[in-house]
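One structure is given below, encoded as structure tokens.
The values are calculated or read from the model by the stated rules, or taken from the named source; none is laboratory data. Model, not experiment: these values are computed from the prediction. Methodologically, a virtual Cβ is constructed for each residue, glycine included, from the backbone with ideal geometry; neighbour enumeration extends over all protein chains shown.
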Amino acid sequence: MNINQDLTTESIKKHLKNIAIPSSIGYFFHTMFNVTDTFFAAEISTQAVASLSLTFSIFFIIIAVAGGMSQGVTSLIGNAIGEKKVNDAK
């Protein structure tokens, strides 16, 4: 997808496909990383698996804040592009 592409001219189905496929692949590999990490930590000890479980909440808070900021910025940029205020969007 071209960064200068006008999102108002093509079909919604195409835009969803362009966003959903890379996102799904990224989430899949992130999940596989966590599964592999847990497997090898379990080979060490139960305390290692427990430490992974304890740090998950901190990691999830960081991901939640980053996701919220991303959605907020995306909506502001989308509104600026929709109103044809290109300088504000940049």
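For segment 22-60, which positions are of a type in the set (Gly, Ala, Ser) and more than 22 Å from the chain's Cα centre (by Cα)?
Selection gives Ala41, Ala42, Ser45, Ala48, Ala50, Ser51.
Which of the numbered conditions does Ile19 fail, given that it passes all the others? Conditions: (1) within 12 Å of the chain's Cα centre (by Cα); (2) at pLDDT 85 or above.
Result: Ile19 fails condition (2) only.
Pull out all pairs, ordered by first then second residue, where Cβ-Cβ is under 9 Å, the residues are six or more apart or on different chains, the first lies in segment 49-64 and is within 12 Å of Asn34 (Cα to Cα), and the second is among the acidic types (Asp, Glu) and in a helix (DSSP H, G or I).
Here the result reads Leu52/Asp37, each pair linking segment 49-64 to a residue that is among the acidic types (Asp, Glu) and in a helix (DSSP H, G or I).
Out of the residues in segment 25-45 that are polar (S, T, N, Q) and modelled with pLDDT of 90 or more, state the one that is farthest from Thr74 (Cα to Cα).
Checked segment 25-45; the qualifying residue farthest from Thr74 (Cα to Cα) is Ser45.
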